[in-house]
Amino acid sequence: MKQKRVHIVTMGCQMNVYDSEQMLRLLAPLDYRPTSQLDKADLILLNTCSIRAKAEHKVYSFLGRLVRMKRLRPDIIIGVGGCVAQQEGYRLVERAPHIDIAFGTFALGRLPSLVEQVKDQKQQVVDVNPRGSSEPLCVKGPVLKVERVTAFVTIMQGCDNFCTYCVVPYVRGREVSRKPEEILEEIRLLVENGVCEITLIGQNVNAYGQKNSHGCDFPALLERVHDIEGLRRIRFTTSHPKDLSDRLIDAFCRLDKLAPHIHLPVQSGSSRVLRRMNRGYTRDLYLKKVARLHEIRPGIAITSDIIVGFPGEERGDFEATLDLVRQVGFDSLFLFKYSDRPNVPAAKFSNKIPETIKAERFSTLLEVQRELTLQKNKALVGTTQEVLVEGPSKKSPNQLTGRTLCNKIINFEDSMARAGQILPVRIVEAFSHSLLGQPVGKGHGAHSGENGGMSYAA
Ligand code: SF4
């Protein structure tokens, strides 16, 4: 029998990366194997993101490219999942009638039966029904061939915060945490299959366990993950500043395997705008938490998200954001221009900011941050960093690529090193998005079992 191939295009955040892996596991019993070649696929799946208007436009533009392919090969099955499918439902298939399946975020577990349905009935199917179960989906079964030494593990889904600009609570539902035992079992399996670094993911991991009776909150979960033998590094994302407790901050001091990096989206440096965004903290509270992080773990890297041009953002609000960015000295920033999303409260706010002003604020902030990031990276030149080797560099096959504890990308040449090793690497040059290094010391070809013993400066 001819082997069937599935090609998955993943857009958006790490939650979607994880969900795409779940799709592969779900489709394995139907004899679908992954292919990286779009034109060799029998089944093409788009795992979509609707957090920004731009991300949604990308979905339709990609679907446009598939029209001709579907005309030439009508037997090919095209499925669209994720947040755009959940949000758009039947509108999606009206706008892109060459789609065979539209499956929302709650329908992920039903993907195999939807594929079978299309094959049997030769009809389009749309499944955007809300989740039937109170648990997030976790597909049991053998770990797929692990090609990376790092992996994402979802610990919770959904969000209860209802920030006024965000679609997540509408397309991903309310917060639901997975059982700790299930998470720990999944991580153990990944570690047995060669994974050294785990990133625990969720829309707001700090709220893990707050709503159920698993008897384990996020700091307690981190401690249990930390005890897993063979696991070398732990990261987590995303953290809501209002739920960043002192106990969680203290974990950066208590837990050796917890990498000194936190992604802490601030969104604006103006308390007035933060209130309109319904973020639940002020500028001062955010700065206090940042100060405490530096006190507990000197040198910790802090990255963030900022939205410019939120409705009603005045020049003074934007100046406050610039000031906060300089004061914190973020290691890097994800910057976004505000865009209206369907059905969110901010879409109805008055005082929308003209696109020209948004673009101007965006480029001003981008320039400030570019300079800050470069300064931070340059300060690392001459230091030795502990680097987890991830594999050959995509841009330069003679080089290896890896990440420092602070999550900075570093490229270096070493004919002996291999993915999964943790090496001391001296930084010799700094750029805006990466570092260039040279391995130091004897025995870096051996698999290091130690995390300590290297100087760290950021
Ligand atoms: S915390 Fe706010 S921005 Fe983050 S997912 Fe929840 S609603 Fe969206």
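The values are calculated or read from the model by the stated rules, or taken from the named source; none is laboratory data. This is a predicted model, so every value here is computed, not measured. When we count neighbours, we look across all protein chains shown, and the Cβ atoms used for this are built from the backbone with ideal geometry, even at glycine. The area values use the complete protein model at the heavy-atom level, side chains included, leaving out ligands, DNA and RNA. Shrake-Rupley method; radii C 1.70, N 1.55, O 1.52, S 1.80 Å.
Using the Kirkwood radius over Cα pairs, work out the Stokes-Einstein diffusion coefficient for the stretch 236-386 at 37 °C and 0.692 mPa s, in µm²/s as a whole number.
Reported coefficient: 200 µm²/s.
Roughly how large, in nm² to one decimal, is the mean projection of the convex hull of the alpha-carbon atoms in the stretch 294-381?
Dividing the Cα hull surface by four gives the mean projection, 6.9 nm².
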Check your understanding: List the lysines whose alpha-carbon lies under 21 Å from that of residue 54, not counting same-chain residues fewer than 8 positions away?
Key -> 337, 348, 352, 358
Check your understanding: How big is the accessible area of residue 350 in square angstrom, nearest 10, if you roll a 1.4 angstrom probe over the protein chains?
Key -> 80 Å²
Check your understanding: If you count the DSSP beta bridges with both ends in the chain, what percent of them are antiparallel, to the nearest 5?
Key -> 30 percent
Check your understanding: Taking residue 289 as the anchor, which lysines have their alpha carbon closer than 25 Å to its alpha carbon, excluding any fewer than eight residues away along the same chain?
Key -> 211, 242, 257, 376, 408
Study note, to complete from the structure: Which residues qualify? For residue 9, with a placed amide H closer than 5 Å and at least 5 residues away or on another chain, they are 45, 46, 47
Review point. In the chain, with Lys and Arg counted as +1 and Asp and Glu as -1 at Cβ, which of these residues, 38, 253, 83, has the Cα nearest the positive end of the dipole, that is, farthest along it?
Key: 38
Review point. Taking only DSSP H segments of four or more residues, each worth -39500 (n - 2.57), what value at 222 nm results for the chain once the sum is divided by all its residues, to the nearest 500 deg cm²/dmol?
Key: -10000 deg cm²/dmol
Review point. Expressed in whole Å with the largest first, what are the equivalent ellipsoid semi-axes of the stretch 52-127 derived from the C-alpha gyration tensor as the square root of 5 times each eigenvalue?
Key: 19, 17, 9
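In a shell of Cβ-Cβ distance under 10 Å around residue 331, excluding residue 331 itself, what net charge do Lys and Arg (+1) and Asp and Glu (-1) give?
Values: positive: 376, 408; negative: none.
The answer is +2.
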Check your understanding: Per residue, what volume in Å³ does the convex hull of the Cα atoms of the stretch 163-242 enclose?
Key -> 106 Å³
**Study point:** Computed over the chain, Kirkwood Rh from alpha-carbon pairs, angstrom
**Key:** 23.5 Å
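Trypsin sites (Lys or Arg not before Pro) within the stretch 160-197: which are DSSP loop residues with at most 15 other Cβ atoms inside 10 Å?
Working: sites: 172, 174, 178, 188; in loops: 172, 174, 178.
Here the sparse-neighbourhood loop sites are 174.
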Exercise for review: Just tell me the longest site-free run in the chain, where the sites are chymotrypsin sites (Phe, Trp or Tyr not before Pro) in a DSSP loop having at most 16 other beta-carbon atoms within 10 Å.
Suggested key: 163-348
